[in-house]
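Trainee: Handing you a structure now.
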Amino acid sequence: MGMNLDFAQIVPYIPFILEGIKGTLLVTLISVVLGFFWGSILALIKISRVKLLNWLAVAYTSVFRGTPLILQLTFVYFATPQLTGYNISQLEAAVLTFTLNSGAYISETIRGGILAVDKGQWEAAKALGVPYHRMMLDIILPQAVKNILPALVNETIALLKESALVSTIGLADIMQNANVVKGTIFRYFEPYMMAGILYYVMVMILTWVARVLERRMRLSD
């Protein structure tokens, strides 16, 4: 038997699937930005000398790295109304979950980047009397971020692909719109192939932008 393919059937639905790009990018970009700031805070806590806060940050990271992302997403979306009485929206649940999850991973990456900065930078800043918070913001963190840029890009790419999980709570992204088309025309391969192409193109664009940024940062050395 030959393959039963008919891409002509999804042509009228292509604009609808493309509309899902907005939801995918919205969740990804907001979560990456918030996750970076949250991860930076966690990383600073982890290298601090306050043992209680240090332990809490490590425990937090362990929980979010040790449980499935889809479980975290469904827990936030379905359990929040039960626990707080607040009817959290699909977008809020997605952004909150991905921010908390990516923050756990990014914190380890940033922590490693901070510890990799030459100790001479720390000693020179202390010798000049630079306050700790200024030293971190102006000297240590910029160098750390520069060193871990490839790892941050990988985390962003992973988050972009994992954002497809928001379709499980009905948020209109690429995957959800492809699911709607699938249920309308009763064909699986064509709409999912279209969704896969869109994800692949976005990942390639993100990879290209990251390479350009990395080259420019190298020129500043």
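Trainee: Separation between the VAL63 and PHE37 pseudo-spin-labels, each 7 Å from Cα along Cα→Cβ, expressed in nm?
Mentor: 2.2
Trainee: Next question, about the same structure. Can you give the angle from 0 to 90° between the axis of helix 69-84 and the longest principal axis of the chain, with both taken from C-alpha atoms, to the nearest 10?
Mentor: Here the helix axis deviates by roughly 90 degrees.
Trainee: Let me ask something additional. Please list 3J(HN,Hα) in residue order for the range 101-113, calculated via the Karplus relation 6.51 cos²θ - 1.76 cosθ + 1.60 where θ = phi - 60°; whole Hz, with x for glycine and proline.
Mentor: Computed from phi, the couplings for the range 101-113 are 6, 5, x, 5, 6, 5, 4, 5, 5, 5, 4, x, x Hz.
Trainee: From the square roots a ≥ b ≥ c of the eigenvalues of the alpha-carbon gyration tensor of the chain, which class results: rounded (a/c under 1.5), prolate (a/b over b/c), or oblate?
Mentor: Values: a/c = 3.25, a/b = 1.75, b/c = 1.86.
Oblate, because a/c is 1.5 or more while a/b does not exceed b/c.
Trainee: Sticking with this structure for a sec: In whole Hz and in residue order, list the ³J(HN,Hα) couplings for the range 203-217 that follow from phi through the Karplus curve 6.51 cos²θ - 1.76 cosθ + 1.60, θ = phi - 60°; x for Gly and Pro.
Mentor: Karplus values, whole Hz, x for Gly and Pro: 5, 5, 5, 4, 5, 5, 4, 5, 5, 4, 5, 5, 5, 5, 5.
Trainee: Next question, about the same structure. Residue separation times 0.36 nm, minus the C-alpha to C-alpha distance between ARG215 and LEU115: what's the value? Mind dumping the intermediate values first?
Mentor: Working: separation 100, 0.36 × 100 = 36.00 nm, distance 2.34 nm.
33.7 nm is the gain from fully extending ARG215 to LEU115.
Trainee: Another one. Under unit Cβ charges (Lys, Arg +1; Asp, Glu -1), what dipole magnitude, rounded to 20 debye, does the chain have relative to its Cα centre?
Mentor: Details: 17 positive and 13 negative charges, 133 e Å.
The dipole magnitude comes to about 640 debye.
Trainee: Would you please classify the overall shape of the range 95-183 from the alpha carbon gyration tensor, given that a ≥ b ≥ c denote the square roots of the eigenvalues, rounded means a/c under 1.5, and beyond that prolate means a/b larger than b/c while oblate covers the rest?
Mentor: Values: a/c = 4.88, a/b = 3.51, b/c = 1.39.
Cα axes put the range 95-183 in the prolate bin.
Trainee: Just in the range 182-221: which chymotrypsin sites (Phe, Trp or Tyr not before Pro) are loop by DSSP and have at most 15 other Cβ atoms within 10 Å? Write down the numbers at each step before the final one.
Mentor: Numbers: sites: PHE186, TYR188, PHE189, TYR192, TYR199, TYR200, TRP208; in loops: PHE186, TYR188.
In loop regions of the range 182-221 (DSSP not H, G, I, E or B), the sparsely surrounded chymotrypsin sites (Phe, Trp or Tyr not before Pro) are PHE186, TYR188.
Trainee: Can I ask one more? Might you report the magnitude of the Cβ-based charge dipole of the range 11-134 about its Cα centre, with Lys and Arg at +1 and Asp and Glu at -1, to the nearest 20 debye? Don't skip to the end; give the middle numbers.
Mentor: Details: 9 positive and 5 negative charges, 100 e Å.
Approximately 480 debye in magnitude.
Trainee: Over the chain, what percent of the accessible surface lies on carbon and sulfur atoms, probe 1.4 Å?
Mentor: On the chain, the fraction of accessible area on carbon and sulfur atoms equals 68 percent.
Trainee: Of the listed peptides 85-95, 151-161, 172-182, what is their order by residue-averaged count of other C-beta atoms within 10 Å, with the highest listed first?
Mentor: Working: 85-95: 15.5, 151-161: 17.9, 172-182: 22.5.
In descending order of packing, they fall as 172-182, 151-161, 85-95.
Trainee: Follow-up question, since we're still on this one. What list of ³J(HN,Hα) values in whole Hz, one per residue of the range 41-54 in order, does the Karplus curve 6.51 cos²θ - 1.76 cosθ + 1.60 (θ = phi - 60°) give from phi, with Gly and Pro shown as x?
Mentor: After applying 6.51 cos²θ - 1.76 cosθ + 1.60, I find 4, 4, 5, 5, 5, 5, 9, 6, 9, 7, 4, 5, 5, 4 Hz.
The values are calculated or read from the model by the stated rules, or taken from the named source; none is laboratory data. Quantities reported herein were computed from a predicted structural model and do not represent experimental measurements. A quick note on method: Cβ atoms are made from the backbone with ideal geometry, for glycine too, and the neighbour counts reach across all protein chains shown. All accessible areas refer to the heavy atoms of the entire protein, side chains included, with ligands and DNA or RNA removed. Shrake-Rupley method; radii C 1.70, N 1.55, O 1.52, S 1.80 Å.
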